[in-house]
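Step one of this worksheet: look at the structure below.
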Amino acid sequence: STFTPMSSYSNIPTPLPIGNSFFDSVIENGYYYVDKTLLIKDLLDKKAAVTLFTRPRRFGKTLNQTMLKCFFEDMTEVRGWGAKDGRSLFKGLKIEQADGGRYMEEQGQYPVVYLSLKGAKQGSWELSYAMLKTTIMDEFRRHNYLLDDEQLAEKEHYRRIMQDEGSDKDYAQSLRFLTECLEKHHGKRAVILIDEYDVPLENAWFEGFYDKMIKFIRSLFESALKDNPFLKFAVLTGCLRVSRESIFTGLNNLDIISILTKDYSEYFGFTESEVEVMLRYYKLEFKTAEAKDWYNGYLFGDTQVYNPWSTIKVVRDWLSGETYPRPYWSNTSSNDIVRKLVDKADDESKEDLAVLVAGGSISKTIHEDVTYDEVDKDLGNLWNFLFFTGYLTKKNERIDEEDKLILELSIPNRELRYIFNTKIDDWFREKIRQKDYSKLYAAILAGDVAAFEKELSDVLFQSISYLDNSEAFYHGLLVGILAKLQDWSLKSNREAGWGRSDIYLKYKNFRGKAIIFELKYAEKVAGLD
């Protein structure tokens, strides 16, 4: 790990980069930085034309993309920096020392096109498309020095795109056009960096305009990444791997690095040794076991990694005097699709979720290609999304007799177990709250035991079962249902006569009937009678 103190005379610890995902800002402002710059070395050594990294949200993808931008970009005209200024960002970092400094010869040598597509997460196609165009226009404006190039014949075309006056076709082919202009001006092919590449597709699927979005993204990517003579190389990052057929048709030079891939496995998330160094630096060594219990447990390739977002947050809080870790990641990860899949979960899926939360593991077929328009057509996709979005981790893997990949999956740590115990369980409970209980109420008021049993069983089958380990669970569930019964007064665990009833319903008019519930819990189905 590498860090830059705020000043040589300050006793204040190096600040942690909470919410700062821009490499140059982290370095220039002296934040603690876990050195991932050897990612540059591996990219240069492997020489892939297009590399796609997929990792869960908040695992350092944007920080790495901006690090690549700062390393490769010729900042002379976009920032007014010379080569020496750009190299200062990497002073003392691993890439500067790698192979006697040979890799630093590539620093600041290329024009770079950098896009983050996260702004396309909007509620309509029109607004999402407008935000994508704005992102493209901003990048054209960042390179507006090209308009001063007397040799550039396409200035009017460039100006139309930059000023939101281009056609749909202009924007669909804009990245290729920009690389062409940059190559003509600099005399070098351009590097393309695209962050959050899958956000427009995920959002469009959820909001209902997937077909329109897929057509635009396919055209944008194909023109820029396939057979583009002005492209040096490209790096894309996102949460999920989208099937090659949907947006990468014919792109045979795509190197896909998922969480199952051994290459590059240490560059996203913090390794155990990096966390140990961080805790020693902040004199928090005694918190090592606690940090591991809460935030470790992810397996990327063959590398055990911590959630970097949560690790930085808990170190900050520990330094501020907080005692207990928290589930910081629960409100940062995109979970719209996971929630939709959980809503469709069948009894077998609920049983599997129960096994997971109890600390066990399940074996599931996993496939990396995702087509969003088929997400909810197969319940097996639930496990793909839970795995690739970071909710589950791999314990073991095998290939079955049909050459399918079978993974043994488990919940990685206490942070995620908390999320399962709250977020996912809340979704099931919300589903129960929306149920029509009129038949259940009618059975209760009529004293119809058989109908009551059937209706209550239906309710329980819609709930997740891992909390059903005591009489108290059923008691709470039933109280919540009965509380909606109008004109009836509900009492729970109240003294009455010679004892204490579990649940007591009394009509508000004293002449109405009273209903007493006594609940019993059976360990097994055979004991229910």
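Okay, here's what the table says:
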{"item": "Failed item, numbered, when Gly476 is tested on (1) surrounded by 12 or more Cβ atoms within 10 Å (Cβ to Cβ); (2) touching a Phe, Trp or Tyr at 6+ places or on another chain (Cβ under 9 Å); (3) modelled with pLDDT under 85", "result": "(2)"}
{"item": "Some residue of segment 94-103 being part of a loop (DSSP other than H, G, I, E, B), farther than 19 Å from Ser174 by Cα, open to solvent by 50 Å² or more (accessible area, probe 1.4 Å) and polar (S, T, N, Q)", "result": "no"}
{"item": "Residue within segment 250-265 that is open to solvent by 20 Å² or more (accessible area, probe 1.4 Å), in contact with a helix residue (DSSP H, G or I) (Cβ under 7 Å, 6 or more places away or on another chain), at pLDDT 95 or above and not acidic (Asp, Glu) present", "result": "no"}
{"item": "Test set (1) assigned to a helix (DSSP H, G or I); (2) surrounded by 13 or more Cβ atoms within 10 Å (Cβ to Cβ); (3) not β-branched (Val, Ile, Thr) - Gly390 fails condition number", "result": "(1)"}
{"item": "Residue that is modelled with the highest pLDDT, among those in segment 327-382 that are in a loop (DSSP other than H, G, I, E, B), among the polar types (S, T, N, Q) and surrounded by 16 or more Cβ atoms within 10 Å (Cβ to Cβ)", "result": "Ser361"}
{"item": "Residue within segment 71-86 that is open to solvent by less than 30 Å² (accessible area, probe 1.4 Å), at pLDDT below 95 and in a loop (DSSP other than H, G, I, E, B) present", "result": "yes"}
{"item": "Candidates Lys188, Lys212 - the one that is in a helix (DSSP H, G or I) and open to solvent by 30 Å² or more (accessible area, probe 1.4 Å)", "result": "Lys212"}
{"item": "Per-region count, segment 158-185, residues surrounded by 12 or more Cβ atoms within 10 Å (Cβ to Cβ) and under 19 Å from Asn228 (Cα atoms)", "result": "17"}
{"item": "Failed criterion for Glu150 (all others in (1) open to solvent by 20 Å² or more (accessible area, probe 1.4 Å); (2) more than 30 Å from Leu44 (Cα to Cα); (3) part of a helix (DSSP H, G or I) hold)", "result": "(3)"}
{"item": "Tabulated pairs, segment 343-354, first farther than 17 Å from Glu430 by Cβ, second among the acidic types (Asp, Glu) and open to solvent by 20 Å² or more (accessible area, probe 1.4 Å), C-beta under 9 angstrom, 6+ apart or interchain", "result": "Ala354/Asp468"}
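The values are calculated or read from the model by the stated rules, or taken from the named source; none is laboratory data. Given the structure is predicted, the values throughout are model-derived calculations rather than measurements. Heads up, the Cβs are rebuilt from the backbone with ideal geometry, glycines too, and the neighbour counts pull from every protein chain shown. Protein only, heavy atoms only, side chains kept; ligands, DNA and RNA dropped before computing areas. Shrake-Rupley method; radii C 1.70, N 1.55, O 1.52, S 1.80 Å.
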